[in-house]
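Worksheet for the structure shown next.
The values are calculated or read from the model by the stated rules, or taken from the named source; none is laboratory data. Source: prediction; values computed, not measured. Here the Cβ positions follow ideal geometry from the backbone for every residue, glycine too, while neighbour counts run over all protein chains shown. Side chains are part of the model used for accessible areas, which takes the heavy atoms of the whole protein and leaves out ligands, DNA and RNA. Shrake-Rupley method; radii C 1.70, N 1.55, O 1.52, S 1.80 Å.
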Amino acid sequence: MLKDLGTPARGLVRSAGMPREIRRRRTVLVLVILACFTLIVLDARRSAGSPVEPLREAAAGVFGPLESTASSARQPVDNLRDRFAEMDRLRDENEKLKKDNESLTRDLNSSDYARNRAAELDKLLKLAPAFTMTPARVIGIGSAQSFNHTVTIDAGTADGVHVDMTVLNGNGLVGRVVRTTQATATVLLIGDRKSTVGGRLNASMALGFVSGRGDVAGLLDYHLVDLKAQPKAGDKIVTWGSSDNAPYVPGVPIGVVTSVTENEGSLGSTATIRPYVDPTRIDTVGVVTGPPARPPRAQLKPTPSPKVSTTEGKVN
């Protein structure tokens, strides 16, 4: 029976010791808090005389080398990360500079072309008051196998362009339309062997015919109708025109005489003409699609002669 009573007694002693342990822990916690508060109050002065200063110096002496070692060990990693970031930034900047350079190169390469086209359009506009024209651009040349000097332009029947219409640019006569589609037209150049244009000497008004040689240089031959007429170097030749302005309208510059050769065994001479239009540099052209854009011509009326009065001897 005594054994049975001993077990509950030990339980009571254990239960009685638990509040003592809790009180001890609480006491230690309060002392730690008070110590921390005391250190905070004492260190509030932040001066060399602070009693906490030796502890701070001791802690710095212990942990300072550790921090320096950790910082030195971390520095290569930070440098590597910064280097990768710098490489990414330089790569992006390099790509931007390459794109800017390509854009500037394209603008530089196309500026001359745009300037030349603007100059050709300006010349063509100066001719606009004299002719009703449809502007067009050369988009192709005839094949070498056909031995024809032709170009294809980007204007066709949908733009009012038809066969036997005059084609010119700001410098002079280009040729005439020989074939059309709805969107394009084929132009026979005046330098082709099959081309013949009526030309007039500006100086003497003598009439003749301009024929193509079919060569790459685009030189022309000029034969005068009047065999006694003598062209000379420097004479300028213009079209004399065709019936109903087809295929050639009058007054379009053709070229200038460079040399004159006497025909052997016959009268007359043949003049070599350098055309104003370079057949290898044709871009912007105008197709004469209507009559000259000008008011009707003024009529010429005879001036009545003055009446003489025989009775008074005066002129009325």
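Any idea of the accessible area per residue across the range 131-291, 1.4 Å probe, to the nearest Å²?
Computed with neighbouring chains in place, this is 48 Å² per residue.
How far is it, in nm, from the label point at residue 85 to the one at residue 203 when both lie 7 Å from their Cα along the line to the Cβ?
8.3
I'd like the FRET efficiency for residue 260 and residue 100, computed as 1/(1 + (r/R0)^6) with the beta carbon distance as r and R0 of 35 Å, rounded to 0.05.
Values: r = 58 Å, r/R0 = 1.65.
About 0.05, to the nearest 0.05.
I'd like the accessible area for residue 259: 1.4 Å probe, protein heavy atoms, all chains in place, Å² to the nearest 10.
About 50 Å², ignoring ligands and nucleic acids.
For residue 226, enumerate residues with amide H under 5 Å from its amide H, sequence gap 5+ or separate chain, H modeled in the peptide plane.
Result for residue 226 returns 207.
Compute the orientation-averaged projected area for the range 226-266 from the convex hull of its Cα atoms and round it to one decimal in nm². It would help to have the intermediate numbers written out before the result.
Values: hull surface 15.4 nm².
Dividing the Cα hull surface by four gives the mean projection, 3.9 nm².
Under 5 Å between amide H atoms, partner at least 5 residues away or on a different chain: which partners does residue 133 have, H built in plane at 1.01 Å?
Under 5 Å from the amide H of residue 133 lie the amide H atoms of 289, each far enough along the sequence or on another chain.
With a 1.4 Å probe and every protein chain kept in, tell me what percent of the accessible surface of the range 131-291 is carbon plus sulfur. List each step's numbers first, then the result.
Working: 4080 of 7650 Å².
Carbon and sulfur atoms account for 53 percent of the accessible area of the range 131-291.
Rank-order 201-211, 86-96, 279-289 by packing density, defined as the average count of other C-beta atoms within 10 Å over each peptide's residues, highest first. Intermediate results must be reported in sequence, preceding the final value.
Details: 201-211: 16.8, 86-96: 10.0, 279-289: 19.6.
Descending packing order for the listed peptides: 279-289, 201-211, 86-96.
Probe 1.4 Å, all protein chains in place: accessible area of residue 139 in Å², nearest 10?
Looks like 90 Å² after rounding.
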